[in-house]
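Just so it is clear, none of the values below were taken in a lab; they were calculated from the coordinates. Predicted model, so just to flag it, every value in this text is computed and none were measured. Cβ atoms come from the backbone with ideal geometry, glycine included; neighbour counts cover every protein chain shown.
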């Protein structure tokens, strides 16, 4: 489906430490069997610029962006933002491109939610693979938040999701905390 009803976009670059949070959340969401009117994409570094090509206000009703956001919380804290909560210039990518303005232009046609995670370490422009422990621990909560926003209830399925597919170097279940 070229223009789905709901688009979930994970933004960020895994080469810059915790900036890889959005793509990590998308990786977990893509393991789920979501309804076909929902498209989950790893939008990468140019996420909000790229995702606008996936949206058609005539058919797309909801956009959920998952990304890091510096809102003064503790590393791994999650916060849900409406576009109105993002003052101009407050939401930028690793190349300092202002992403709030295009979102403000679109918000009257598409319901937009940004799920932000407070990063611990973003290494741009230096390369560093891997998320910090606090950010890894935030992934299950972000997955649950996305599912809540898009209206998908997996209930207790998280408890058993991917038990046999643990990420190398992580403890416990790959998705969901008890």
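With neighbours defined as other Cβ atoms within 10 Å of a residue's Cβ, the residues 34, 129 order from fewest to most as 129, 34. Exposure proxy for 127, 71: other Cβ atoms within 10 Å of each Cβ, ordered fewest to most, give 127, 71.
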